[in-house]
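Written out below as structure tokens is the structure these notes cover.
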Amino acid sequence: DVLDSFDTIVHNVANSYRLQEECDLLGLKISKHRGPVVLSEYKSTMLASLRALVPSWDALHEVSWAWLWENVERMLLTIVGKPRSMQASLEGFFTTLDENCLMHVRCEVYKKFFV
């Protein structure tokens with residue numbers, strides 16, 4: 001999931017709001033995985049791969065990519081693990097609604113996203 005999202009993250013590094021959105025989306029994807037998530041291991045793998053793939057790799061590249069990943073990791077750590085508890089709360093809330101309220105919510109969500 002990280003690799004699939006990384007291109008978009010890199011392209012939006014200058015736009016902090018868009019970068020946060022991409023990190024939030026990636027955090028949601030990561031939260032669906034069972035077991036522990038060790039984000040620091042990805043940094044090591046990413047840097048080793050980039051060193052091997054980029055012939056002109058130098059100290060400035062190293063610092064820049066390390067900075068980017070540290071910021072992405074910080075943003076991810078704020079959300080990873082939370083969606084499961086949020087989902088449980090949301091499901092509990094929806095079970096309290098009657099059919100008319102549920103239909104109203106569905107219509108409002110549809111309007112918000114698709115109209």
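A few points about this structure:
- Within the stretch 1-17, considering residues that are of a type in the set (A, V, I, L, M, F, W, C) and open to solvent by 70 Å² or more (accessible area, probe 1.4 Å), the one modelled with the lowest pLDDT: L3
- Qualifying positions in the stretch 18-27 - more than 18 Å from K82 (Cβ to Cβ) and either acidic (D, E) or open to solvent by 70 Å² or more (accessible area, probe 1.4 Å) (or both): R18
- Pairs, first within 25 Å of R34 (Cα to Cα) in the stretch 1-19, second surrounded by 14 or more Cβ atoms within 10 Å (Cβ to Cβ) and among the hydroxyl-bearing types (S, T, Y), C-beta under 8 Å, six or more apart: V2/Y42
- In the stretch 28-51, the residues that are over 23 Å from P83 (Cβ atoms) reach residues that are open to solvent by less than 70 Å² (accessible area, probe 1.4 Å) and not hydroxyl-bearing (S, T, Y) with C-beta atoms within less than 6 angstrom, at least six apart or across chains, in these pairs: R51/W57.
Quick grid of which residues meet (1) surrounded by 11 or more Cβ atoms within 10 Å (Cβ to Cβ); (2) over 29 Å from R18 (Cβ atoms); (3) not β-branched (V, I, T):
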site: V72; (1), (2), (3): yes, no, no
site: L76; (1), (2), (3): yes, no, yes
site: V80; (1), (2), (3): yes, no, no
site: F93; (1), (2), (3): no, yes, yes
site: T96; (1), (2), (3): no, yes, no
site: E99; (1), (2), (3): no, yes, yes
site: R106; (1), (2), (3): no, no, yes
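- Of all residues in the stretch 53-69, those that are closer than 18 Å to C23 by Cα have Cβ atoms under 7 Å from Cβ atoms of residues that are among the β-branched types (V, I, T) and surrounded by 11 or more Cβ atoms within 10 Å (Cβ to Cβ), 6 or more apart or on another chain, in L68/V13.
The values are calculated or read from the model by the stated rules, or taken from the named source; none is laboratory data. Owing to the predicted nature of the structure, the values given are computational and were not obtained by experimental measurement. Here Cβ is always computed from backbone atoms with ideal geometry, including for glycine, and neighbour counts include all displayed protein chains. For the accessible areas, the whole protein counts, side chains as well, though only heavy atoms, and no ligand, DNA or RNA atoms are used. Shrake-Rupley method; radii C 1.70, N 1.55, O 1.52, S 1.80 Å.
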